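Student: Supplied in C-alpha cells, the structure appears directly below.
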Amino acid sequence: MKIAPYAIFGMMTSVAANTGLSALQSMGLYIVTAFSGYASFILFYCFLIFIFKKISPLAFLKKIINPILLAFSTSSSAATMPITLKAAEEELKLSKSTANFLIPLGTTINMAGTAIWQTTAVMFLSQVYHIDLGFGEIAFVVATSIGSAIGSPGVPGVGMGILAVVLGRIGIPIEGISLILGVDRIVDMGCTVVNVVGDLTAATLFDQQV
C-alpha cells in the first residue's frame, strides 16, 4: 500500500507516453462527464420524490445532507448506512420497518452510481486508445455495468476488477486503468452519493407514513 501511489504514477506516465498528454488533459472532461451523470440521477430522484410524495427537492436534500456528506467523504455506502438509517427515521420520518428493510437492501444491490462510473470509464478509455465501439459492444458495456453493480459491496474501489474484465472483453488495453486510478477516489466519492440518495429515495417512495 505504501508504494501504490508511486506505482500508479509510473503507470500513468507510461500510458501518457504511449497515448500522448492529451489523455491526461481529457481526464478533466472524464470527471465532469461522470459528475454530470451523477447530478442527472440525483435530479431524477428528487423529481420522483416531488411527483409521488409532494416533497420539495430542496427540503428532501436538506434532510439527508448528513448521509450525503458522509458518503462523499468515505466513498462507502456501507460505512454511511448507520447515518442513512438515522436520517431516514428521524429526518424523513420513515417507519422503522421500512428503513431497516430497504436501506440495507439498497446498500447491497442499489449501485446506480457504480454503473454510471463504469460506463463513463469505458467510453473514456475507448476514446483514449482511439477504439470505436459498435452498438453491440456499447450494449454489452451498459448491461455488464448494471449487472455487476447489483451485489457489489459498498466499499471504495470495488469496481476496478470488474472494469478490467470489461476492458479485456472489448479489446481496450487493461493498463489504461492506471489513468482511472489517478482520479478514482474523486469519482468514487460522487458515485457513493448517488447510491445513498437512491437508497433514501426508494425508502421514501415505498413508505406509507410519508
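Student: With respect to Lys86, determine if the residue is free of Cβ contacts under 8 Å to residues at least 60 places away in the same chain, surrounded by 18 or more Cβ atoms within 10 Å (Cβ to Cβ) and of a type in the set (Lys, Arg).
Tutor: Answer is no for this residue.
Student: Let me ask something else about it. Got a sec? Which of Val128, Val183, Val166, Val142 is without any contact (Cβ under 8 Å) to a residue 60 or more places away in the chain and over 30 Å from Ile51 (Cα atoms)?
Tutor: Val166 is the lone residue from the list that is without any contact (Cβ under 8 Å) to a residue 60 or more places away in the chain and over 30 Å from Ile51 (Cα atoms).
Conditions (1) over 18 Å from Ile180 (Cα atoms); (2) of a type in the set (Val, Ile, Thr); (3) surrounded by fewer than 18 Cβ atoms within 10 Å (Cβ to Cβ); (4) at pLDDT 95 or above, marked per residue:
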{"position": "Ile3", "(1), (2), (3), (4)": "no, yes, yes, no"}
{"position": "Gly10", "(1), (2), (3), (4)": "no, no, yes, no"}
{"position": "Thr13", "(1), (2), (3), (4)": "no, yes, yes, no"}
{"position": "Asn18", "(1), (2), (3), (4)": "no, no, yes, no"}
{"position": "Tyr45", "(1), (2), (3), (4)": "yes, no, no, yes"}
{"position": "Ile49", "(1), (2), (3), (4)": "yes, yes, no, yes"}
{"position": "Leu61", "(1), (2), (3), (4)": "yes, no, yes, yes"}
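This table checks each residue for (1) modelled with pLDDT under 85; (2) among the hydrophobic types (A, V, I, L, M, F, W, C); (3) closer than 17 Å to Ala143 by Cα; (4) surrounded by 17 or more Cβ atoms within 10 Å (Cβ to Cβ).
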position	(1), (2), (3), (4)
Ile162	yes, yes, yes, yes
Gly168	yes, no, yes, no
Leu179	yes, yes, no, yes
Asp188	no, no, no, yes
Thr192	no, no, no, yes
Leu200	no, yes, no, yes
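Student: Could you identify the single residue in Leu105, Leu94 that is within 24 Å of Thr204 (Cα to Cα) and free of Cβ contacts under 8 Å to residues at least 60 places away in the same chain?
Tutor: Of the residues listed, the single one that is within 24 Å of Thr204 (Cα to Cα) and free of Cβ contacts under 8 Å to residues at least 60 places away in the same chain is Leu105.
Student: So, one more: Go through Gly113, Gly136 for me and flag whichever is modelled with pLDDT under 90 and either surrounded by 14 or more Cβ atoms within 10 Å (Cβ to Cβ) or among the charged types (D, E, K, R) (or both).
Tutor: Result of the check over Gly113, Gly136: Gly113.
The values are calculated or read from the model by the stated rules, or taken from the named source; none is laboratory data. Only a predicted model underlies this, so the values are computations on that prediction, with no experimental measurement involved. All Cβ positions, glycine included, derive from the backbone under ideal geometry; neighbour counts span all protein chains shown.
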